[in-house]
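Student: First the structure, then my questions, so here it is.
The values are calculated or read from the model by the stated rules, or taken from the named source; none is laboratory data. Keep in mind it's a predicted model, so treat the numbers as computed, not measured. Note: ideal-geometry Cβ built from the backbone for every residue, glycine included; neighbour counts use all protein chains shown. Calculation scope for accessible area: heavy atoms of the full protein, side chains included, ligands and nucleic acids excluded. Shrake-Rupley method; radii C 1.70, N 1.55, O 1.52, S 1.80 Å.
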Amino acid sequence: MASFFRTQQAFTDTEATMNNPLLRYIAYAIAALLLAVASDVLVPFIAIEGIVPDIVLIWAVWVALVEGQMIGMIAGFGGGLVLDIVSADVLGSNALAKVIAIFIAGYFYLETREQEMTGSFRFPLIILLCGFLHNIIYYFFYLRPTEINFLQFFLRYGVFTTLYTAVISLVPMLIISRVKD
Amino acid sequence: MVRFLEFIIRFKEYAVLCVLIAMSLLLMTFGNTAKLRGFRTVVISGVGVLQEAFAWLPNPLTIVRENAALREANYNLTREVSQTRRAVSENERFRLLLHFRDSVSPHYNVHSAQIAGRIMDKSRYYLTINVGTSDSIRQGMPVMNDKGLVGFVFSAVRRYAIVQTLLDKDTRIAAKIERTRTNGIVAWEGGTNLYLTNVSKTEDVKEGDIVTTSDYSTRYPADIPVGRIAEKRDEPNTLFWKLRLEPAVHFPSLEYVFIGLQQPDPERVMVEELLERRLKQGDTPAQRQQQRRETPRERELREMREREKLEKERKERERREEQQRDTSEEN
């Protein structure tokens, strides 16, 4: 019984946090930081042939679908920047790719119908579209200083990363759809 | 200004997009400053610590791949170990052969050969070797290996030769017991055993004594092991021991042999053949009387004629052999 009340209390606290915009943005920032670190520390454990899903992109798309295009872009920029810092990537490359990808994701934002977008199969499809765009931009800048063939590299890594990210996005989609029900 | 602000507010998403893109491009262009590098180094080091802390977590796909790679590596290593074992064994064998070759070569030129085939029946055991007349192999040359005597070259063609082993009904080898220098004749009487005959019961013979080729042999070099006395049998009604020999060479496992390239001294062969002929003709009193009546000059002339006759016969025989060889090569 005590645990039930504790759980109820936790839900109430979460709801209060989500209603306060400032706390919400702080929560987003912490989430971005944690996800960026997790994508570098834990996500490699689910790598397939060295390809890992972009969980920061999933999170940024979710923010864009819940908060709108502008907040989503800022979240994407922040998340991408943190990811660039922790992953020793070219500073700004992830941020730029995510900003543009999330700008597109923002067009799918429907006010008052956030859960409908994030808790249905539209979510992975939006991830697929945004991931595709994100990886084109990211790999373009990633391969710019090298002589590696962009198309070959993108087809090998970009497409698979996008597909894997879309598959992984089914997990939050299923969770959100359960919460919605 | 108000209109500009209104425009900005109206298109705030585009404005934010442009600002963020500009910031990203600026960071990409100028973000590699010393201060930022230091900060990033600290952050990356921290991430490294975390990665190390979670290093114990397994990646199932990586484990599967690693397992497959390890299995393959294991298979390859097992194969390599087997190859190495074989190489070690082969090396050991070659080393023994080389040692034998080195030890025998100063006195005796040898040519190595590999066994290419075996021909066996009840009373004969032949080996086919992968050298022939093109390698200066000739009929009658002795064949041995690091363990001892194998036999002699029975016939040779351009690239192959047949070796008649000691396990043959025609085997007769002048041999001696190494310890006592007692001479005898080695013969084969079936199976895988040889017998040393013509050794008097008065001679000191022990089981385990090594029997080698004798200095009296015209075909084989001296002191090549033939076998070891495995059994000494005292047979009634005879003055000689029945000595069973265990051959020095294990014929079924024979792989490499050496062929002695020196042929017997022709003069020695000739004189021995002369003796044999005389013995065959019979050393009768009439003959002895005739010989006694001969003056030294007459005897010398007669012996010279006999020698010439034998020499002619020998040459004729060699010519016939050469012809036979040529015919077989052509075939």
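Student: If I go through region A:53-79 residue by residue, how many of them are in contact with a Ser or Thr (Cβ under 8 Å, 6 or more places away or on another chain), closer than 22 Å to B:Met28 by Cβ and either touching a residue at least 60 places away in the same chain (Cβ under 8 Å) or among the aliphatic types (A, V, I, L, M) (or both)?
Tutor: Looking only at that region, the number is 3.
Student: Then there is this: For region B:39-57, give me the residue count where each residue is outside any helix (DSSP H, G or I) and either open to solvent by less than 80 Å² (accessible area, probe 1.4 Å) or touching a Cys at 6+ places or on another chain (Cβ under 7 Å) (or both). Quick ask: steps written out before the conclusion?
Tutor: As a first pass, look at region B:39-57 and keep what is outside any helix (DSSP H, G or I): B:54-57.
Of the ones still in play, those that are also either open to solvent by less than 80 Å² (accessible area, probe 1.4 Å) or touching a Cys at 6+ places or on another chain (Cβ under 7 Å) (or both) are B:54-55, B:57.
Number of matching residues: 3.
Student: Would you confirm, using the coordinates I've provided, whether A:Phe45 is of a type outside the set (D, E, K, R), at the interface with chain B (Cβ under 10 Å from one of its Cβ atoms), open to solvent by 30 Å² or more (accessible area, probe 1.4 Å) and touching a Leu at 6+ places or on another chain (Cβ under 6 Å)?
Tutor: Considered against the rule, which asks whether it is of a type outside the set (D, E, K, R), at the interface with chain B (Cβ under 10 Å from one of its Cβ atoms), open to solvent by 30 Å² or more (accessible area, probe 1.4 Å) and touching a Leu at 6+ places or on another chain (Cβ under 6 Å), A:Phe45 comes out as yes.
Residue-by-condition table, conditions (1) among the hydroxyl-bearing types (Ser, Thr, Tyr); (2) assigned to a loop (DSSP other than H, G, I, E, B); (3) within 13 Å of B:Gly260 (Cα to Cα):
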residue: B:Tyr108; (1), (2), (3): yes, yes, yes
residue: B:Ser112; (1), (2), (3): yes, no, yes
residue: B:Val150; (1), (2), (3): no, no, yes
residue: B:Arg159; (1), (2), (3): no, yes, no
residue: B:Gly190; (1), (2), (3): no, yes, no
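Student: Still on this structure, please answer the following. Looking at (1) surrounded by 18 or more Cβ atoms within 10 Å (Cβ to Cβ); (2) under 14 Å from the mean Cα position of the chain (by Cα); (3) aliphatic (A, V, I, L, M), find the lone condition where B:Leu96 falls short.
Tutor: All conditions pass for B:Leu96, except number (1).
Student: Moving to a separate point now. For region A:111-120, indicate whether the set of residues that are under 25 Å from B:Met28 (Cα atoms), crowded, with 20+ Cβ neighbours inside 10 Å and touching a helix residue (DSSP H, G or I) at 6+ places or on another chain (Cβ under 6 Å) is non-empty.
Tutor: Scanning region A:111-120 turns up no residue that is under 25 Å from B:Met28 (Cα atoms), crowded, with 20+ Cβ neighbours inside 10 Å and touching a helix residue (DSSP H, G or I) at 6+ places or on another chain (Cβ under 6 Å).
Student: Can you tell me which residues in region B:156-203 are crowded, with 20+ Cβ neighbours inside 10 Å, touching a residue at least 60 places away in the same chain (Cβ under 8 Å) and not β-branched (Val, Ile, Thr)?
Tutor: Passing the criteria: B:Ala156, B:Ala161, B:Leu166, B:Leu167.
Student: Right, something else. I'd like to verify a number: residues in region A:48-63 that are within 11 Å of another protein chain (Cβ to nearest Cβ) and under 17 Å from A:Leu128 (Cα atoms), how many?
Tutor: Residues meeting the conditions: 2.
Student: In this structure, does B:Tyr14 turn out to be facing chain A (nearest Cβ under 9 Å) and open to solvent by 60 Å² or more (accessible area, probe 1.4 Å)? It would help to see each step written out before you state the result.
Tutor: Details: facing chain A (nearest Cβ under 9 Å): yes; open to solvent by 60 Å² or more (accessible area, probe 1.4 Å): yes.
Spelling it out, B:Tyr14 is indeed facing chain A (nearest Cβ under 9 Å) and open to solvent by 60 Å² or more (accessible area, probe 1.4 Å).
Student: When you look at B:Arg65, is it of a type in the set (Lys, Arg) and more than 11 Å from chain A (Cβ to nearest Cβ), yes or no?
Tutor: Working: of a type in the set (Lys, Arg): yes; more than 11 Å from chain A (Cβ to nearest Cβ): no.
No; evaluated as a whole, the condition is false for this residue.
Student: Against the conditions (1) part of a helix (DSSP H, G or I); (2) open to solvent by less than 30 Å² (accessible area, probe 1.4 Å); (3) at pLDDT 90 or above, where does A:Pro53 fall short? Just the number, please.
Tutor: (1)
Student: Here is a further query. Here are B:Leu77, B:Leu25, B:Leu36: which of them is under 59 Å from the mean Cα position of the chain (by Cα) and either more than 30 Å from B:Asp223 (Cβ to Cβ) or assigned to a helix (DSSP H, G or I) (or both)?
Tutor: Answer to the selection: B:Leu77.
Student: If you don't mind, another one. Among the residues of region B:131-155, count how many are more than 16 Å from B:Gln324 (Cα to Cα) and open to solvent by less than 20 Å² (accessible area, probe 1.4 Å).
Tutor: Of the residues in region B:131-155, 10 are more than 16 Å from B:Gln324 (Cα to Cα) and open to solvent by less than 20 Å² (accessible area, probe 1.4 Å).
Student: Counting residues that are within 11 Å of chain B (Cβ to nearest Cβ), which helices (runs of 4 or more DSSP H) fully inside region A:68-180 reach at least 2?
Tutor: The qualifying helices (runs of 4 or more DSSP H) are A:69-86, A:93-105, A:122-143.
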